[in-house]
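The values are calculated or read from the model by the stated rules, or taken from the named source; none is laboratory data. Here the structure is a predicted model, which is why all the values come from computation and not from measurement. Just so you know, the surface numbers come from the protein's heavy atoms only, side chains and all, with ligands and any DNA or RNA stripped out. Shrake-Rupley method; radii C 1.70, N 1.55, O 1.52, S 1.80 Å.
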Amino acid sequence: MSMKGIVVTVAILLLAYPAYLWITYINETITTGSGYGFNIGDTKKEAYSKLNTALKDLGGKNGSAFVQVKSNSQMAKFVATDTDFDVMIKPLFHDVGYEQFEKQELWQFYVDASFFNTLKLEFCNGKLCRIHRHRKFFELP
């Protein structure tokens, strides 16, 4: 390959990477209709029943979604951290866990435990009123 070919190849690669980042960037809020497997107006129970499928469909390496919880004195020894430290856990969304989600008006999920790949479900008067999806594969300085 000639020097000109190498320069052109490098230039294309340097332009392709920012283009890829721009194309894969998502920052959207849905307040009517549906998105990501949920419908605006879903009850908390309906939304909870859709979590496994919807979060798996978001992709990621393993299609795994995590939530952030604050460790307490009982949990701290099991997760090898200090009390009151935020840790990511992968919930199984069994029926027994609904009670904890039901108490919250904002549910935030981290796809593959990434702060740059999230889904937030916000509830107003017990009904899903806002779906916010954010994904970026880069970090700004």
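Key figures
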| item | result |
| --- | --- |
| On Cα atoms only, tilt of 3-24 relative to the major axis of the chain in degrees | 20 degrees |
| Alpha-carbon Rg with Dmax, taken over segment 72-141, Å | 14.7, 42 |
| Surface accessible to a 1.4 Å probe, Tyr36 within the full protein complex, Å² | 60 Å² |
| Exposure ranking of Ile6, Ile40, Ile30, Ile23 by accessible area [1.4 Å probe, largest first] | Ile23, Ile6, Ile40, Ile30 |
| Order of exposure, largest accessible area first, which applies to Lys120, Lys45, Lys56, Lys4 with probe 1.4 Å | Lys4, Lys56, Lys45, Lys120 |
| The chain: calculated mean residue ellipticity at 222 nm from DSSP helix runs of at least 4, using -39500 (n - 2.57) | -10500 deg cm²/dmol |
| Per residue, the convex hull volume that the Cα atoms of segment 1-121 enclose (Å³) | 167 Å³ |
| Rounded accessible area of His94 (nearest 10 Å², 1.4 Å probe) | 110 Å² |
| Tilt relative to the chain, helix 44-57 - C-alpha long axis, 0 to 90 degrees, to 10 | 30 degrees |
| Accessible area in the full protein assembly, largest first, 1.4 Å probe, for Glu102, Glu122 | Glu102, Glu122 |
